[in-house]
Amino acid sequence: IGSHDGGKFSLFAQRLTLEQLIDLANERLRELAPRYRLFCPADDSLDLAVRDRDLAGEERSVNTLSGGEGFLVSLALALGLARLSSRNTRIGTLFIDEGFGALDAVSLENVLQALETLGTGGRTIGIISHVQAIRERLTRQIKLNRVGSGRSELAII
């Protein structure tokens, strides 16, 4: 439909799914970083862009985001994707590996509050991080301690 190889229809269907994902990610961004809103540019591509509400709605590519901004947007997209896919399948566990070190104190607090809210909703959230503030805040931890000679021990606290 629309082209001899079905490419236009495929792009149309992918764009619809991407727009649903963006809507769900923007719900999370309201909690994590209310400053940003994701959107698809009007060029019918599958690109992502961000609107910066603190800079009079300036629109820019997600490729221009700093490390901390990129982590927040990526986390919002991951949470949105989990919610989008959970319409058919229950996703009970989420693992997040690093990225927290790129956040300022306020953003880190917003992220941790959002993750705690998810945790109270019945999801198990695993965080891999070296950030001291996270280690101090988490009540249950699995620590890997080097013993030597290439061996390690797990400790659950």
Checklist entry - Of the beta bridges DSSP finds with both residues in the chain, what % are antiparallel, to the nearest 5? => result 75
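For the chain, what is the mean residue ellipticity at 222 nm derived from helices alone (per DSSP H run of n ≥ 4: -39500 (n - 2.57); sum divided by total residues; nearest 500 deg cm²/dmol)? Before the final figure, lay out the partial values.
Working: 4 runs with 67 residues, N = 157.
Mean residue ellipticity at 222 nm (helix-derived): -14500 deg cm²/dmol.
Taking the Cα centre of segment 43-89 as the origin, how large is its charge dipole in debye, to the nearest 20, when only Lys and Arg (+1) and Asp and Glu (-1) carry charge on their Cβ atoms? Mind dumping the intermediate values first?
Values: 5 positive and 8 negative charges, 77 e Å.
So the magnitude is around 360 debye.
Roughly how many debye, to the nearest 20, is the charge dipole of the chain about its Cα centre, given +1 on each Lys and Arg Cβ, -1 on each Asp and Glu Cβ, and no other charges? Walk me through the numbers on the way to the answer.
Numbers: 19 positive and 20 negative charges, 148 e Å.
Roughly 720 debye for the chain.
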Next on the checklist: Checking the a/c ratio against 1.5 first, then a/b against b/c, what shape does the Cα gyration tensor give for the chain?
Outcome noted: prolate
Checklist entry - Which whole-Hz ³J(HN,Hα) couplings does segment 140-157 yield from phi under the Karplus relation 6.51 cos²θ - 1.76 cosθ + 1.60, θ = phi - 60°, glycine and proline marked x? => result 10, 9, 10, 10, 10, 10, 6, 9, x, 6, x, 10, 9, 10, 9, 10, 9, 10
Checklist outcome for this item: Residues whose built amide H sits under 5 Å from the amide H of ILE127, excluding neighbours closer than 5 in sequence, are ILE96
Checklist entry - Considering only protein heavy atoms and a 1.4 Å probe, what is the carbon-and-sulfur percentage of the accessible area of segment 35-127? => result 50
Item to check | Accessible area per residue, Å², the chain with all protein chains present, probe 1.4 Å | outcome: 64
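So for each of 109-117, 13-21 I average, over its residues, the number of other beta carbons within 10 Å; can you give me the resulting order with the highest mean first? Mind showing how you got there, number by number?
Numbers: 109-117: 16.6, 13-21: 13.1.
Going by the mean number of other Cβ atoms within 10 Å, highest first, we get 109-117, 13-21.
The values are calculated or read from the model by the stated rules, or taken from the named source; none is laboratory data. Everything numeric here is computed off the predicted structure, so don't read it as measured data. Don't worry about glycine lacking a Cβ; one is built from the backbone with ideal geometry, like all the others, and counts go over all protein chains shown. Each accessible area value is taken on the protein alone, full model and side chains, heavy atoms only, with ligands, DNA and RNA left out. Shrake-Rupley method; radii C 1.70, N 1.55, O 1.52, S 1.80 Å.
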